[in-house]
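The values are calculated or read from the model by the stated rules, or taken from the named source; none is laboratory data. These numbers were taken from a predicted model, which means no experiment stands behind them. Note that each Cβ is placed from the backbone with ideal geometry, even for glycine, and that neighbours are counted across all protein chains shown. Each accessible area value is taken on the protein alone, full model and side chains, heavy atoms only, with ligands, DNA and RNA left out. Shrake-Rupley method; radii C 1.70, N 1.55, O 1.52, S 1.80 Å.
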Amino acid sequence: MSLRIHASVIAACLSFCTSAHAEMLSQINSQIRLPDPRGEFVRQCAPHMLGRWEHPESVCGCLHDYAASVVEDADLRSALLRGISENGVPTIENEWVPASKRSMIAATFTKVAKPTMQCMFEPAKEAKTN
């Protein structure tokens, strides 16, 4: 009888400890925030814009927003964002895109050409008038 009681107590303790541990992990995970992808992009991009533009963070943020909204394909969008963050200008290296999608690179640049020019020149106009 005593063995059954001890086994029941141990099982209850293990169950309680497991649920408490799971709740604690859940609270820790909710407090840990992954870095903001846009903020990280701007942080990497802005140094390439220094000296080129009066407000590099605005230009980088604008480029990110257009690339994220205009380029539907995830691989091409990722490659474009990588190129901008590494070079400060829209760039896509063939190696960054699966071979099956490389023929779409030119069309991607066509999609982002006008928004890129707007990002680079319109934020400067707005900043000067404000």
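Here the helices (runs of 4 or more DSSP H) wholly within the range 1-103 that include at least 2 residues being of a type outside the set (Asp, Glu), farther than 20 Å from residue 121 by Cβ and modelled with pLDDT under 65 are 2-31.
Could you please let me know if residue 117 is part of a helix (DSSP H, G or I), aliphatic (A, V, I, L, M) and open to solvent by 90 Å² or more (accessible area, probe 1.4 Å)? In short, yes. Scanning the range 91-112 for residues that are under 13 Å from residue 67 (Cβ atoms), in contact (Cβ under 8 Å) with a residue 12 or more places away in the chain and open to solvent by less than 50 Å² (accessible area, probe 1.4 Å) yields 92, 108, 112. For the range 73-88, the set of residues classified as open to solvent by 60 Å² or more (accessible area, probe 1.4 Å) and touching a residue at least 40 places away in the same chain (Cβ under 8 Å) consists of 86 only.
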